[in-house]
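Chemist: Handing you a structure now.
What follows draws every value from the coordinates through simple rules; no lab data is involved. What you see is a predicted model; the values in this text were computed from it and never measured. Glycine gets a Cβ as well: all are built from the backbone with ideal geometry, and neighbour counts include every protein chain shown.
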Amino acid sequence: MQKDHMHFIRRIYGPENQKVRDEVRKLELGETEGSPEYLRTGIRGDPTFQIKYINHPLASNDAGDSTNRNLQQNSTDTESLFRPIRITFDLTALESEKTGDPTSATDRAIQLIKSDVLPKMKEFWSNALKVVPVEGALQIQRNELTGSGNNKQYCGDTEFSKVPDSHISDGVTDTDLILYVSGRDSTRFCGTNTLAVAIACNWDQYDRPTAGAINFCLNTVETTADGKSPHPSIEESNIAVAVHEAAHVLGMSSNSYRYFWDPETIQPRTPRPFQSSSVECVDGETRIVYLPDENTLKFGVSKLGKRYAMIVTPKVKTVARNQFNCQELEGAQLEVCFTILCDFCLLQFYEISPTYISLLSLESTHWLIMYWRPLG
């Protein structure tokens, strides 16, 4: 079968899926109609909206909470505030795609996603990441959703899930991240081999993503007659793609770097509002983009004349220097995947896991911390 031995990275970044990645990039940059201003400026639609936490490390003492400031000064105490991330799925949009015939390819695909792909993706991230837990109900902020005028009710795009009104008014309890799952075979978001795409659609007061959409392309989900994966390699690929796409929601995307915070200053690393600039991307093309500050991401040119980007946050810089025993390194260099534009997804030095560096970058912000340390 064609997809049996296709590496999951190709299913995401292969040239045949370039148009899909371009559409996702437009969403991340707020270039589509009805997208929130926050994606273009970093300015919250409602600056008074706050998710409730107890002693969050990034909380300033503006409100007179001296406890938070004390905890910021003690990294050991700070780490004790984090708990395994709790993920909740809203399957309303996915379920709406059912035909009513459990033997149909569509219904078998939905069953496979619900029973196998989503639980294993959730298990992976719950075992990998800790966050400061949300206290009480996690509410969705309407003005960060997508839609025309005041009718903002979709997570990420109007082709994805509609957010229930109760999630806005009352919130969802016992969760730190809501993933709205849909199954739209969209011409914009489903390429020849695309299994899924995902994007964040709500954020807390520290810019940590608290909700996101993940859309599965049901016509690319292969199943047996009894709704199972036809081959272990296909099952592994499906799960790997879902884990990767959820990572984009969590903040592991080149377009998320400008939202990073500095735990020392308790301020965003990139000033708001974001400023657009003309930049030569690593593929040689010049584009207008919203870049993070150079305290987070820098561009350079190698001795061979090849342009690269690198993460230069303190924690990433320390790991890169120790890994290669080179104290002159400014950070960890990132590499472009296939023909993807301005999306830095693989390390130029393959000895360091790209997922590990991405997580280190996020950990530097105090959004989350990792359970595991692949480099020891």
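Chemist: How many angstrom lie between the Cα centre of segment 140-197 and the Cα centre of segment 287-326?
Modeler: 33 Å
Chemist: Now for a separate question. Once amide H atoms are built 1.01 Å from N in the peptide plane, which residues 5 or more positions from G156, or in another chain, come under 5 Å H to H?
Modeler: T146
Chemist: List every residue whose amide H lies under 5 Å from the amide H of R307, counting only residues 5 or more places away in sequence or on a different chain, with H placed 1.01 Å from N in the peptide plane.
Modeler: Distant-sequence amide H within range of R307: S302.
Chemist: Same structure again: Beyond 21 Å between alpha-carbons counts as too far, so tell me which of K52/K120; K122/K317; K19/K98; K114/K162; K52/K114; K122/K228 fall in that bin. Can you show the working numbers first?
Modeler: On the way: K52/K120 28 Å; K122/K317 30 Å; K19/K98 27 Å; K114/K162 18 Å; K52/K114 30 Å; K122/K228 19 Å.
Violating the 21 Å limit, Cα to Cα: K52/K120; K122/K317; K19/K98; K52/K114.
Chemist: So how much slack lies between E79 and Q327, counting 0.36 nm per residue of separation and subtracting their Cα-Cα distance, in nm? Display every interim value, and only then the final one.
Modeler: Details: separation 248, 0.36 × 248 = 89.28 nm, distance 2.70 nm.
Taking E79 through Q327 to full extension adds about 86.6 nm, to one decimal.
Chemist: Let me ask something else about it. Along segment 120-126, what does the Karplus equation 6.51 cos²θ - 1.76 cosθ + 1.60 (θ = phi - 60°) give for ³J(HN,Hα), rounded to whole Hz, x for Gly and Pro?
Modeler: For segment 120-126, the Karplus-derived couplings read 6, 5, 4, 4, 4, 6, 5 Hz, x marking Gly and Pro.
Chemist: While we're on this one: Which one of V132, I234, L179 is farthest out on the positive end of the charge dipole of segment 8-250, using unit charges on Cβ (Lys, Arg +1; Asp, Glu -1) and the Cα centre as origin?
Modeler: Value computed over the given set: I234.
Chemist: Another question, then. Mind listing the long-range amide H neighbours of R269? Cut-off is under 5 Å, sequence gap 5 or more, other chains count too, H placed in the peptide plane at 1.01 Å from N.
Modeler: Counting only residues 5 or more places away or on other chains, the set is F260, W261, D262.
Chemist: Using only the alpha carbon atoms of segment 8-250, find the Kirkwood hydrodynamic radius as the inverse mean reciprocal pair distance, in angstroms to one decimal.
Modeler: Working: mean 1/r = 0.0528 Å⁻¹.
Hydrodynamic radius (Kirkwood, Cα pairs) of segment 8-250 is 18.9 Å.
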